[in-house]
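Below is one structure, written out as structure tokens, with a few remarks after it.
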Amino acid sequence: MKITIITATRNNVTTLSKTIDSVLSQSYSDIEYIIVDGASTDGSLEIIKDYSNRYPHKIKYISEHDKGVYSAINKGIRMSTGDVVGILHGNDYFSSDDVLSRVYEEMTKNDSPFLYGDVKYTKVGSEKVVRYYSAAQFTPSHLLQGIAPPHPSLYMRRYLFDDFGLYKENYLIGADFDMFLRLMIVNNIHGKYLPMDSDNDNRRAVNSNLSSNFYK
């Protein structure tokens, strides 16, 4: 099972190498890594090109202006050839090298259409956790109260995008919530909670609201 990881990034030069390294260090080997850069001007593109030259069979990238983070994610989905698609933004990183192995094991064991887990928020340059966002108690009914699992922990079968569409690009920050609604409420498709986390390396995590600190 090939897992596609999409990194949507723009001007994340201070954290991007950590993001890429955390993907390349995964123990699971059947990974397609797509980096969608929003025409960065801070040196991020040079980092992406360097990694792409060193790992040409694993990394694909595109760098151009886009219409926002969901536009960038959709570009990556269209480029993807994996059986499963996950998202790891340019200021996020995997907290261990077996995250994708666990995703593979869980999705194959239960034939799950999608998985979701937890996210830790840390300050840039620090391992100190300033917030832990867990989906352990989540149920689909929580969506009707405006509560969703953390989007960076979502891994979806590729066919779900073909069946139910990509992220709606007219939303500024809510297309991830809309995707959960379409899957669980509108189409009654239920995934599985996987008790693992990835780290969000983001200075804004301390004071920002839930929906805005997924992306930088």
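The values are calculated or read from the model by the stated rules, or taken from the named source; none is laboratory data. None of these values were measured; they are calculated from a predicted model. Cβ sites come from the backbone with ideal geometry, for glycine too, and all protein chains shown count toward neighbours. What goes into the accessible areas is simple: the full protein's heavy atoms, side chains included, and nothing from ligands, DNA or RNA. Shrake-Rupley method; radii C 1.70, N 1.55, O 1.52, S 1.80 Å.
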Checklist entry - Distance from the Cα centre of segment 151-175 to that of segment 20-76, in angstrom? => result 18 Å
Checklist outcome for this item: In nm, the gap between the two label points placed 7 Å beyond Cα toward Cβ at Glu127 and Met79 is 3.2 nm
Item to check | Percent of Cα-Cα distances greater than 19 Å, calculated over segment 69-195 | outcome: 50 percent
Checklist entry - Hey, which of these cross-link pairs are over 19 Å Cα-Cα: Lys18/Lys60; Lys109/Lys192; Lys18/Lys123; Lys18/Lys128; Lys67/Lys123; Lys18/Lys120? => result Lys67/Lys123
Checklist entry - Over all directions, what mean area does the Cα convex hull of segment 1-139 project, stated in square nanometres? => result 8.9 nm²
Checklist entry - How high is the relative contact order of the chain, in percent, with contacts defined as C-alpha pairs under 8 Å that are six or more residues apart? => result 25 percent
Checklist outcome for this item: The extension gain from Gln145 to Tyr28, computed as 0.36 nm times the residue separation minus the Cα-Cα distance, is 38.5 nm
Item to check | Directionally averaged projected area (convex hull, Cα atoms, segment 84-158), nm² | outcome: 6.0 nm²
Checklist entry - Where nothing but the Cβ of Lys and Arg (+1) and of Asp and Glu (-1) is charged, how large is the charge dipole of segment 1-108 around its Cα centre, in debye to the nearest 20? => result 300 debye
Next on the checklist: If you take every residue apart from Asn188 with its C-beta less than 14 Å away from the C-beta of Asn188, what net charge results, scoring Lys and Arg +1 and Asp and Glu -1?
Outcome noted: 0
Item to check | Neighbour-limited loop hits for trypsin sites (Lys or Arg not before Pro), segment 1-89 (at most 16 other Cβ within 10 Å; DSSP other than H, G, I, E, B) | outcome: Lys2, Lys58, Lys67
Checklist entry - Of Val69, Val186, which has the most accessible area with a 1.4 Å probe, and how do the rest follow in descending order? => result Val186, Val69
Checklist entry - In segment 87-164, with Lys and Arg counted as +1 and Asp and Glu as -1 at Cβ, which of these residues, Leu143, Val130, Val99, has the Cα nearest the positive end of the dipole, that is, farthest along it? => result Val130
Next on the checklist: Let me check something: with ligands and nucleic acids excluded, how do His142, His65, His57, His151 order by accessible area (1.4 Å probe), largest to smallest?
Outcome noted: His57, His65, His142, His151
Checklist entry - Residue separation times 0.36 nm, minus the C-alpha to C-alpha distance between Thr41 and Leu181: what's the value? => result 46.9 nm
